[in-house]
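Student: Sharing a structure with you now.
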Amino acid sequence: MERGATLGAGRREGRDGLKLTLGRSPVFAAVDLGASKVACFILKSDGIRRADRTLTTAGVGYVQSRGVRGGAIVDVGEASLAIGQAVERAEAMAGLDINGVTIVTACGQLASHRVTAKVAVGGRPITDADQARAVAQAMATLRLNRRKAIHMRPITWSVDGLGHVQDPRGMSGRALGLEMLVVSMKEGVHQTIAHCVERAHLQLEGVVASPYASALAALEQDEMELGSICIDMGGGSTSVAVFAGGALIHVDSLPVGGAHVTKDVAQGLSTSLGGAERIKTLHGSAIASANEDREMIEAPPRGDDPGAGPVTAPRSMLKGIIAPRVEETFEILKERLKTAEALELGAGIVLIGGASQLAGVREVATRVFDRNVRLGRPARIPHLADAAAGPGFCAAAGVLQRAAFGPRDLGKPLTGAASRSSRPVDPNANMVVKAASWLRDNL
């Protein structure tokens with residue numbers, strides 16, 4: 001390996017170490033707030049293995065979700081209770097108490113916006129302050145209209161027209177260019193999430209978009225570089241994150257998920273929601289199978305009539321209910337990706353989320369998108385028990401990975417205790433004070 005590459009790797013590891021050493025707490029907790037479950041993963045500093053970039057969680061807890069439906073919080077009290085219970089279970093396993101959590105969710109109608117900027121540098125080496133000016137100029141062109149920015153990710157930097165620069169600091173030039181992706185959610189939903197966390201007697205340390213976090217957990221580095229579309233199929237929504245050239249370039253969401261398939265089954269078979277979920281899990285498929293016309297399935301009847309017998313139907317009827325909904329969801333997502341000019345940037349498809357485990361979903365996605373499709377898992381937390389190691393737990397795992405190894409958002413907004421500890425820096429202060437302030441606020 002060349003000396004420059006070795007030094008570069010050393011610097012990256014050094015930044016990782018600083019991120020951990022200067023972290024505001026030696027314990028980090030991520031809570032996945034979904035429509036089907038609420039899961040909490042707790043990470044301690046000694047659970048980070050830098051040699052192979054894997055993690056070992058200190059505690060994991062999850063409960064059935066309440067108060068969340070169709071990508072929205074519909075009952076603050078129930079959602080707060082579910083968050084508190086998931087955190088308590090993770091705390092019991094970890095043997096410690098936590099004060100703050102980072103929420104990862106697909107709620108709030110996630111959307112992304114591309115913005116650009118160019119600032120004069122004057123031929124000198126580029127500094128953090130120059131990057132901050134570029135970010136501020138780019139954000140000044142964006143009108144979010146009652147939406148809150150939760151991520152600001154650089155797509156590419158350029159110096160004097162030289163593009164595809166990953167980190168321009170230290171490079172000399174006269175003009176610094178930036179293309180940036182801003183991921184936003186509805187401001188009211190963000191405030192509601194903060195209220196839910198507060199009612200659970202916790203501090204909100206940040207909100208992360210579920211498809212972005214899931215992609216960090218499920219995608220390999222080569223997939224991010226060559227281009228990949230990560231589709232997060234949750235209970236109440238289906239969201240997507242697109243990577244190309246190693247950068248996040250698009251995020252979108254649809255308020256349709258696995259719970260809608262369950263509702264379709266309940267209506268089609270005249271059974272209860274609980275019975276429909278069980279039938280879907282045990283016998284459901286989005287593709288045809290042999291003998292499905294002759295194979296009969298039973299579902300419990302609605303209501304509490306003791307004389308009512310079970311509902312019986314051929315398995316082909318179940319497939320006829322599930323397949324159209326799954327295919328329609330992928331078709332809508334495909335058209336939205338095409339409109340955003342993000343479809344052709346993804347060379348492959350990675351499916352994650354609980355609803356992606358339904359039989360035949362991968363085959364339907366392969367047909368609709370006409371490209372290779374695989375199921376993703378949180379591979380960088382290898383010790384997880386089988387119950388928490390599936391595609392449905394990628395979001396929480398991705399938040400832990402981001403906390404341990406990055407990447408850090410540009411102009412990272414601070415919340416909760418972090419924002420209270422952040423203080424403006426005297427512009428006349430010496431470079432040591434300025435550097436310490438930047439490290440405290442950004443790593």
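Student: Would it be correct to say that E331 is more than 25 Å from Y62 (Cα to Cα) and free of Cβ contacts under 8 Å to residues at least 24 places away in the same chain? Talk me through it step by step, then tell me what you get.
Tutor: Values: more than 25 Å from Y62 (Cα to Cα): yes; free of Cβ contacts under 8 Å to residues at least 24 places away in the same chain: no.
The answer is no for E331.
Student: Would you pick out the residues in the stretch 213-227 that are without any contact (Cβ under 8 Å) to a residue 40 or more places away in the chain and over 17 Å from D409 (Cβ atoms)?
Tutor: Once the filter is applied, which keeps residues that are without any contact (Cβ under 8 Å) to a residue 40 or more places away in the chain and over 17 Å from D409 (Cβ atoms), the stretch 213-227 yields E220, Q221, D222, E225.
Student: Residues that are more than 20 Å from T262 (Cα to Cα), surrounded by fewer than 19 Cβ atoms within 10 Å (Cβ to Cβ) and touching a helix residue (DSSP H, G or I) at 6+ places or on another chain (Cβ under 7 Å): does the stretch 352-366 have at least one? Please lay out each step first, then the result.
Tutor: If we filter the stretch 352-366 for residues that are more than 20 Å from T262 (Cα to Cα), which is where we start, we get 366.
Subset that is surrounded by fewer than 19 Cβ atoms within 10 Å (Cβ to Cβ): 366.
From what is left, the residues that are touching a helix residue (DSSP H, G or I) at 6+ places or on another chain (Cβ under 7 Å) are none.
Checking the stretch 352-366: not a single residue is more than 20 Å from T262 (Cα to Cα), surrounded by fewer than 19 Cβ atoms within 10 Å (Cβ to Cβ) and touching a helix residue (DSSP H, G or I) at 6+ places or on another chain (Cβ under 7 Å).
Student: Then there is this: Of the residues A129, A92, which is under 30 Å from T192 (Cβ atoms) and exposed (fewer than 15 other Cβ atoms within 10 Å of the Cβ)?
Tutor: Answer to the check: A92.
Student: List every residue pair whose Cβ atoms lie under 6 Å apart, where the two residues are 6 or more positions apart in sequence or sit on different chains, the first residue falls within the stretch 272-284 and is closer than 7 Å to T262 by Cβ and in contact (Cβ under 8 Å) with a residue 40 or more places away in the chain, and the second residue, located anywhere, is surrounded by fewer than 17 Cβ atoms within 10 Å (Cβ to Cβ) and not polar (S, T, N, Q).
Tutor: Short answer, once both residue conditions are applied: none.
Student: Let me ask something additional. Hey, E292 hits all of (1) over 18 Å from E327 (Cα atoms); (2) assigned to a strand (DSSP E or B) but one; which does it fall short on?
Tutor: Failed condition: (2).
Student: Out of V165, V265, V261, which single residue is over 19 Å from the mean Cα position of the chain (by Cα), surrounded by 18 or more Cβ atoms within 10 Å (Cβ to Cβ) and free of Cβ contacts under 8 Å to residues at least 24 places away in the same chain? Spell out the reasoning first.
Tutor: Working: V265 fails: free of Cβ contacts under 8 Å to residues at least 24 places away in the same chain; V261 fails: free of Cβ contacts under 8 Å to residues at least 24 places away in the same chain.
Testing whether each residue is over 19 Å from the mean Cα position of the chain (by Cα), surrounded by 18 or more Cβ atoms within 10 Å (Cβ to Cβ) and free of Cβ contacts under 8 Å to residues at least 24 places away in the same chain leaves just V165.
Student: Quick one: in the stretch 213-232, of everything that is under 13 Å from the mean Cα position of the chain (by Cα) and not aliphatic (A, V, I, L, M), which residue is farthest from E344 (Cα to Cα)?
Tutor: Filtering the stretch 213-232 for residues that are under 13 Å from the mean Cα position of the chain (by Cα) and not aliphatic (A, V, I, L, M), the one farthest from E344 (Cα to Cα) comes out as S214.
Student: Taking the stated definitions as given, is A72 of a type in the set (G, A, S), touching a residue at least 24 places away in the same chain (Cβ under 8 Å) and over 21 Å from Y212 (Cα atoms)?
Tutor: The answer is no for A72.
Student: Please specify each residue of the stretch 202-241 satisfying the condition of being assigned to a loop (DSSP other than H, G, I, E, B), out of contact with any Phe, Trp or Tyr (no Cβ under 8 Å at 6 or more places or on another chain) and more than 22 Å from I381 (Cα to Cα).
Tutor: The answer is L202, G235, G236, S237.
Student: Give me a count of the residues in the stretch 351-364 that are in a strand (DSSP E or B) and either farther than 12 Å from C230 by Cβ or out of contact with any Ser or Thr (no Cβ under 6 Å at 6 or more places or on another chain) (or both).
Tutor: Final tally of qualifying residues: 2.
Student: Tell me which residues, restricted to the stretch 107-126, are of a type in the set (V, I, T) and buried (at least 17 other Cβ atoms within 10 Å of the Cβ).
Tutor: Hits for the stretch 107-126 are V115, V119, V121, I126.
Student: Before we move on, is G170 surrounded by 24 or more Cβ atoms within 10 Å (Cβ to Cβ), part of a loop (DSSP other than H, G, I, E, B) and not basic (K, R)?
Tutor: In short, no.
Student: If you don't mind, there's one more thing I want to ask. Condition check: buried (at least 22 other Cβ atoms within 10 Å of the Cβ) and either at pLDDT below 95 or out of contact with any helix residue (DSSP H, G or I) (no Cβ under 8 Å at 6 or more places or on another chain) (or both). Does V87 satisfy that? Walk me through it before giving the result.
Tutor: Values: buried (at least 22 other Cβ atoms within 10 Å of the Cβ): yes; either at pLDDT below 95 or out of contact with any helix residue (DSSP H, G or I) (no Cβ under 8 Å at 6 or more places or on another chain) (or both): yes.
Yes, satisfied.
Student: Can you go through S210, S184 and tell me which one is farther than 22 Å from F393 by Cα, modelled with pLDDT of 95 or more and either within 18 Å of the chain's Cα centre (by Cα) or not hydrophobic (A, V, I, L, M, F, W, C) (or both)?
Tutor: None of the others qualify; the one that does is S184.
Student: Out of S184, S158, I need the residue that is surrounded by 18 or more Cβ atoms within 10 Å (Cβ to Cβ) and farther than 30 Å from R362 by Cα. Which one?
Tutor: S158
The values are calculated or read from the model by the stated rules, or taken from the named source; none is laboratory data. Just so it is clear, the model here is predicted, and its values are computed rather than measured. As a convention, Cβ positions derive from the backbone with ideal geometry for all residues, glycine included, and neighbour counts pool all protein chains shown.
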